[in-house]
Structure formats: structure tokens, C-alpha cells
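**Student:** Okay, handing you the structure first.
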Amino acid sequence: MWRTTRKKFPAGPSEGLKRWSLGPLNNNPLEYFTKIAREFGDIAGLRILNFKTIFINHPGLIEEVLVTNARKYSKGRVLRANRHVFGEGLLTSEGDFWLRQRRLAQPAFHRARIASYAATMVEYTQRMLDGWRDGDERDVHQEMMRLTLQIVGKTLFDADVERDAQEVGKSLELLLEIGADFRRTIFVPHWLPTPANLRVKREVAQIEKILYRIIAERRASGRDVGDLLSMLLHAQDEDGSRMTDRQLRDETITLFLAGHETTASSLSWAWWLLAQNPAVEAKLYTELDAVLGDRAPTLDDLPRLAYTGHVITESLRLYPAAWGMARLVVEDHEIAGYPVTKGMGVAMAQWVVHRDPRWYDSPEEFRPERWEDDLLKRLPRFAYFPFGGGPRQCIGNSFALMEAALILATIARKFRLRLVANHPVVPLASITLRPRHGVRVTLESREKKVAVASSNGRQAAVAD
Ligand code: HEM
């Protein structure tokens with residue numbers, strides 16, 4: 001049975017909710033929520049950006065909100081305020097419309113289907129590596145962003161977005177930078193011609209131009225290649241109507257944005273953590289060398305690349321791309337005996353739960369080994385929830401895990417990534433958690449090292 005700390009929580013939602021200044025949330029939400037959890041325990045009443053919000057910090061309470069009482073909530077204010085970007089796509093739509101779209105898209109994410117994407121994931125990674133040289137200095141976050149964008153484009157929309165990747169990447173960067181200002185996002189109507197809004201409009205238009213082109217090309221070709229875009233294009237309502245270009249735009253922009261930046265950031269954090277933990281790095285190389293030798297990974301290798309998987313799991317624990325989530329109450333009810341009423345917000349933070357010493361030993365340490373012996377099965381269900389949960393759980397969960405493991409294995413087999421000294425790697429908690437100034441690394445070819453080591457061995461043998 002889990003314990004709920006009621007310390008300092010007010011008797012009723014309208015009375016004396018603790019006021020917090022607006023500043024800290026915008027400046028450092030990670031610190032802000034960590035501090036609240038430390039001070040108030042598992043449940044706290046707050047005013048965040050002047051809205052009454054319940055912050056919950058216990059797996060049992062999170063399960064109540066995301067699963068048991070999911071129907072009593074809609075998506076939170078920040079996502080709703082971003083509707084002009086995502087439209088009525090899967091991430092932001094609600095009710096019957098959302099359910100219909102989710103059912104339409106689901107087959108593209110079935111296990112057998114995503115298995116067919118594995119070869120593309122490896123192929124695109126290898127193509128990227130063709131341009132990598134020993135000693136090069138690169139921003140690995142930019143590289144991961146470009147790569148995952150190309151993979152989503154190819155696997156879900158059969159579109160080669162290589163030539164667009166740079167433009168989309170830049171536009172996205174700006175959107176996420178601006179999106180990090182939650183106060184502005186919520187309070188400034190998106191149609192007001194402020195400099196930030198005009199910028200958002202320009203960047204969205206830039207991405208839309210590319211998406212409408214992909215949609216138009218497919219419509220014109222009449223091809224049904226069985227990918228997600230074909231499924232959406234050919235789906236018919238009971239009355240025979242099909243999706244409009246606008247609906248298709250909403251679904252594609254959602255999948256492009258939700259489906260590539262999250263995985264890219266997760267990988268960037270993994271590289272950064274690995275580079276600081278040589279013992280973990282060495283263990284990863286040992287596994288890759290033993291399982292793969294000198295060939296690239298395939299889907300069938302993944303069950304034997306257990307440690308590679310643990311590296312991803314542990315990176316997602318410490319640096320969850322979805323660092324926090326929110327909901328809006330649409331039906332009055334109670335959380336842990338406290339009344340919550342329509343219009344109140346409920347917030348939870350993977351960043352805080354994933355670092356809670358009640359669930360994890362030495363929670364701040366990067367220790368992929370902790371996931372050996374089925375830790376996941378022993379934890380309370382929502383002590384680890386990088387992909388959310390309940391009906392709105394991430395549709396790309398298995399896609400992302402497979403993609404991250406294949407990319408990590410393909411690269412780490414060939415290169416070691418060393419951090420460039422004095423480059424600041426700083427988490428930016430926007431809608432997602434990303435390294436604000438990227439992650440600058442120097443590439444060190446592992447093949448060269450192995451070759452040198454073995455030729456040294458040969459010379460020694462000759463000298464003997
Ligand atoms: C490491 C990578 C990823 C992480 C950490 C992540 C995380 C999440 C989380 C936490 C949610 C739930 C949001 C909420 O309930 O408010 C979500 C939803 C979603 N994700 Fe992901 N995601 C990842 C990769 C992907 C990929 C690869 C795709 C698609 C190719 C994707 C598409 C979506 C969509 C469409 C939704 C909305 C689902 C719905 O409400 O029906 N995500 N993601």
C-alpha cells in the first residue's frame with residue numbers, strides 16, 4: 001500500500017492553495033518540481049501560472065490519474081495552447097475523434113509492422129556514419145535530430161526528407177526554444193502579432209510547406225504503399241468521406257514532431273552519459289563486439305543486446321524526453337481523498353519520480369546494471385513511465401525503443417564519442433527535455449583502435 005503525504009495540503013481546493021511565484025517555473029521547472037516534491041511529499045496543491053494545480057508525486061496516484069480515472073481528464077493547458085501547431089493531431093485531439101484517429105494509426109505501430117522498419121533505421125544510420133571521420137568534431141544532438149527525422153519520414157511516410165532535414169530541424173529548434181516559455185505559451189493568444197508569435201507562425205509554415213508537398217505527391221501518385229500515410233489517406237468514414245489535407249497535415253506534423261525529437265534527445269543524453277562513464281562504455285563495447293563482431297545490427301540481435309537496452313532504459317530514467325505531463329480535470333472527483341474540480345490542473349514529473357530514492361538506489365547515478373534481474377517488474381507500475389500510460393500512452397513506444405537501440409549499437413560499434421571540453425551541456429525543459437546548446441563531441445574511430453591493438457599484438461608475437 002502506498003503512502004500519501006498530506007502534509008500542508010489544504011482541506012479544499014479553493015482554500016489557501018499554496019502560491020508560488022511565476023518565475024521559478026519558467027526558469028527551471030526541473031528544480032521547481034523537485035523542490036515541491038521534497039517539501040510537500042506525494043501530493044501538493046499549487047498555483048502554477050496562477051492556475052490551481054495538483055502536483056502528484058507517487059506512482060499510485062499517477063496511475064489513478066492516467067489509467068483508472070483517465071476519462072475524467074483532458075490534455076493539459078500547455079499542449080492545448082499548442083493546438084495551432086499540432087491541430088487536431090493524435091497528441092492534442094480528444095474524445096471520439098481522437099479514438100478514431102488512434103485506431104486508424106495503430107496498425108502502423110504493431111510489432112510486426114515496426115519490425116519491418118529496423119533495416120531502414122540501420123541503413124540510415126550507416127549512411128550518416130559514411131560521412132563521419134576519426135577526429136571530427138560534431139554536435140551529436142544535431143546529428144541525432146537529422147537522423148531520426150529522416151527515419152520517421154521514410155518509415156511512416158515513405159518520404160526522403162534528407163534535403164528538408166536542415167530546414168525542419170532549424171524550425172523545430174526555434175519552436176521548442178519558444179515553447180519553453182510556458183507562461184507566454186499559455187497567456188499570450190497565438191494570433192497576437194508579437195515577435196515570438198510571428199516567428200512561430202513562420203516556422204510552422206515552413207514545416208507545413210514540406211508536409212503538404214509530401215501529401216500532394218502521394219495523392220497525385222495514387223500509390224498505396226501500405227505505410228501510415230497511405231492508411232490515413234485511404235481511411236474512410238462511415239459516410240464515405242476521407243481525411244482532408246488539413247487533417248492529414250495535423251497528423252503528419254504531430255508524428256514528425258512527436259516521433260523524432262524525443263528519440264533524438266534521448267540518444268543525445270545517452271551519448272553524454274556514456275562519455276562520462278567509461279566503465280559503462282567499456283561494457284557496452286564488450287557486448288557489441290561479442291554479439292555483432294564486425295557487422296551491423298539487425299532486429300534479431302536485439303534480444304542479445306541486453307546491456308545496450310539497459311543503457312537506453314537508464315538514460316530515459318535520468319533524462320526522460322517527456323520530463324513532465326499535465327492534465328485538466330473535466331469531471332469533479334477526488335484524488336487521495338482531496339476534491340478536485342473541473343478546470344483544475346494535475347501535473348506529474350517523470351524527472352522527479354525517476355530520481356526518487358524510494359524506488360531507485362543512488363538515483364542520481366547512471367547505472368544501466370540496475371535494470372538487470374527485471375527491476376522493471378519489481379517497481380510499482382508508474383515509478384518508471386517515460387512513455388506516459390493509460391489510453392494516451394505514447395503510440396511510438398516500441399518504435400522508439402527499437403530505433404534507439406539500433407542507432408546506439410550501429411554507432412557505438414564504430415565510434416567512441418568523447419565530450420569536447422568546456423562545452424556546456426544544459427538541460428532545457430521545454431515540452432521535451434533537450435540539451436540547450438547541443439552535445440559537442442570528438443569522434444574516435446573504434447575500428448582504428450582495434451586495428452592498432454591487434455597489429456601491436458602481432459608485432460609483439462613476431463618479436464617473441
Ligand atoms: C524516446 C522517445 C519518446 C518518448 C520519451 C515519448 C514520450 C511520449 C509521452 C510521455 C506521451 C504521452 C503524452 C501524454 O499522455 O500527455 C507520448 C505520446 C505520443 N507519442 Fe511519444 N515518445 C517518444 C517517441 C515517439 C515516437 C517515435 C512516435 C511516433 C513515431 C511518438 C508519437 C507519439 C504520439 C502520436 C503520441 C500521442 C498519442 C495519443 O495521445 O494517442 N512518440 N509520447
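None of the figures in this text is laboratory data; all of them are computed from the coordinates on show. Because the structure is a prediction, the values reported are computed rather than measured. Cβ: placed from backbone, ideal geometry, glycine included. Neighbour counts: every protein chain shown.
**Student:** Filter the cross-link list LYS52/LYS377; LYS52/LYS209; LYS75/LYS154 down to pairs whose alpha-carbon distance in this structure exceeds 31 Å.
**Tutor:** As for pairs spanning more than 31 Å Cα to Cα, those are LYS52/LYS377; LYS52/LYS209.
**Student:** In degrees, nearest 10, range 0 to 90: what is the angle between the Cα axis of helix 278-292 and the longest Cα principal axis of the chain?
**Tutor:** Once rounded, one gets 70 degrees.
**Student:** For every helix of n ≥ 4 consecutive DSSP H residues, a contribution of -39,500 (n - 2.57) applies; sum these over the chain, divide by its total residues, and give [θ] at 222 nm rounded to the nearest 500 deg cm²/dmol.
**Tutor:** -16000 deg cm²/dmol
**Student:** Which residues make up the longest stretch of the chain that has no GluC sites (Glu not before Pro) in a DSSP loop with at most 12 other Cβ atoms within 10 Å?
**Tutor:** Value returned for the longest uninterrupted segment is 16-237.
**Student:** Long-range amide H contacts for ASP332: which residues qualify at under 5 Å (H placed 1.01 Å from N, peptide plane, sequence gap of 5 or more or a different chain)?
**Tutor:** Excluding prolines and chain starts, which carry no amide H, the hits are LYS342.
**Student:** While we're on this one: Within the chain, what's the longest run with no chymotrypsin sites (Phe, Trp or Tyr not before Pro) in a DSSP loop and at most 13 other beta-carbon atoms within 10 Å? Give the range, please.
**Tutor:** 192-464
**Student:** Hey, another quick one. With θ taken as phi - 60° and the coefficients 6.51, -1.76 and 1.60, list the Karplus ³J(HN,Hα) couplings across region 42-52 in order, rounded to whole Hz; mark glycine and proline as x.
**Tutor:** After applying 6.51 cos²θ - 1.76 cosθ + 1.60, I find 7, 8, 8, x, 9, 10, 10, 6, 6, 9, 5 Hz.
**Student:** Classify the chain as rounded, prolate or oblate, taking a ≥ b ≥ c as the square roots of the eigenvalues of its Cα gyration tensor: rounded when a/c is under 1.5, otherwise prolate if a/b is larger than b/c and oblate if not.
**Tutor:** In terms of gyration-tensor shape, oblate.
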